[in-house]
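Have a look at the structure below before the remarks.
The values are calculated or read from the model by the stated rules, or taken from the named source; none is laboratory data. These figures come from a predicted structure and were not determined experimentally. Here the Cβ positions follow ideal geometry from the backbone for every residue, glycine too, while neighbour counts run over all protein chains shown. When the accessible area is computed, the model is the full protein with side chains, heavy atoms only, and any ligands, DNA or RNA have been set aside. Shrake-Rupley method; radii C 1.70, N 1.55, O 1.52, S 1.80 Å.
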Amino acid sequence: MIGVTFGLLLLSACSSSDINDYQGTTPNLDLKTFFDGKLTAHGTVQDYSDKVTRRFTVEMVASWQGNQGEIKEWFIYDDGEKQIRIWNITDLGNGKYSGTANDILGEAQGQAVGMALQWQYEMLLPVDDTEYQVTFDDWMFLVDENTIINRSDIIKFGVTMAEVTLVISKVE
């Protein structure tokens, strides 16, 4: 019996989340509502061994015209590196979103259900003097009307190489 219980626990630990697991949770995450105006974020990057390798802050300005949104992000890392990313987001309706940005390959696809949003995309990630093509599996969880916790797995060759965690807050 202990072996069966352990096996079930191991299987559940290996299973991935499904966006539909968040059906009926509140508050509902609507990108047009949350990402509107000024926002700030604080985050960390952890490597495959869970060691924090970078810390960063992000200042954001977001606006929408109908179903078209723009999110401008200014990153400042603990080592002084700076990056700018400008997202162009389309609200496709029914909690579905698509988006593009300067360092995103192709189009990002996302879906919001309840308090969660899963966002997936390919990206050219600069590390030192090299760029790596990686996949982001990005999850956002709306804590309250002013706070999102964002957790992203950075995947290369099917293996999670790093994890990014950040807290995004609206600026009053």
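Would you work out the Kirkwood radius for the stretch 32-75? I mean one over the mean of 1/r across all pairs of different Cα atoms, in Å. Taking the inverse mean of 1/r over all distinct Cα pairs, the stretch 32-75 comes out at 12.0 Å. Keeping the other protein chains in place, figure out the carbon and sulfur percent of the accessible area of the chain, with a 1.4 Å probe. Exposed carbon and sulfur together represent 54 percent of the surface. In the stretch 89-172, Cα pairs under 8 Å separated by at least six residues give a relative contact order of 17 percent.
Could you check how many percent of all C-alpha pairs in the chain are farther apart than 24 Å?
38 percent
Its Cα gyration tensor gives the stretch 7-108 an equivalent ellipsoid. The semi-axes, each the square root of 5 times an eigenvalue, are 26, 24, 13 Å from largest down. Near the amide H of Leu29, within less than 5 Å, lie the amide hydrogens of Gly114, Met115, Ala116, all on another chain or at least 5 residues away, with H placed in the peptide plane.
Which aspartates and glutamates does Lys82 reach when only Cα atoms under 12 Å apart count, and residues fewer than 8 places away in its own chain are ignored? Lys82 reaches Glu59, Glu73. Neighbours of Thr147 by Cβ distance under 13 Å: Lys/Arg scored +1, Asp/Glu scored -1, total -2. Length gained on full extension, Lys32 to Leu105, computed as 0.36 nm times the residue gap minus the Cα-Cα distance: 24.0 nm. For the stretch 66-80, 3J(HN,Hα) computed residue by residue from phi via the Karplus equation (6.51, -1.76, 1.60; θ = phi - 60°) reads x, 9, 9, x, 10, 10, 9, 10, 10, 8, 10, 8, 4, 8, x Hz, glycine and proline entered as x.
Neighbours of Asp30 by Cβ distance under 11 Å: Lys/Arg scored +1, Asp/Glu scored -1, total -2. Note that the stretch 82-98 has calculated 3J(HN,Hα) couplings of 10, 9, 10, 10, 10, 8, 10, 10, 10, 7, 8, x, 6, x, 9, 9, 10 Hz, one per residue in order, obtained from phi through the Karplus relation 6.51 cos²θ - 1.76 cosθ + 1.60 (θ = phi - 60°); glycine and proline are x.
Could you compute the net charge surrounding Thr165? Neighbours are other residues with a C-beta less than 15 Å from the C-beta of Thr165; K and R count +1, D and E count -1. Its environment carries a net charge of -3. Over the stretch 119-164, the reciprocal of the mean inverse Cα-Cα separation, the Kirkwood hydrodynamic radius, stands at 11.6 Å.
A 1.4 Å probe run over the chain, with the rest of the protein chains in place, finds 59 Å² accessible per residue. Distance distribution note for the stretch 80-172: the fraction of Cα pairs above 17 angstrom is 58%.
Just to verify a number: FRET efficiency for Leu92 and Val52, C-beta to C-beta distance, R0 = 41 Å, to 0.05?
So the FRET efficiency works out to roughly 0.70.
Glu131 versus Asp144, label points 7 Å from Cα toward the beta carbon: distance in nm? Modelled inter-label distance: 4.1 nm. In order along the stretch 29-46, the Karplus-derived 3J(HN,Hα) couplings, from 6.51 cos²θ - 1.76 cosθ + 1.60 at θ = phi - 60°, round to 8, 10, 4, 5, 7, 6, 8, 8, x, 8, 9, 9, 9, 10, x, 9, 10, 10 Hz, and Gly and Pro are given as x.
At a Cα cut-off below 23 Å, give the lysines reachable from Lys32, other chains included and same-chain residues fewer than 8 away excluded. In chain and number order, the partners are Lys72, Lys96, Lys170. Amide H contacts for Met161 (H built 1.01 Å from N in the peptide plane; partners 5 or more residues away or on another chain; cut-off under 5 Å): Ile154, Ile155, Lys156. For Lys156, a cut-off of 15 angstrom between C-alpha atoms picks up these aspartates and glutamates, skipping any fewer than 8 places away in its own chain: Asp47, Glu122, Glu131, Asp137, Asp138.
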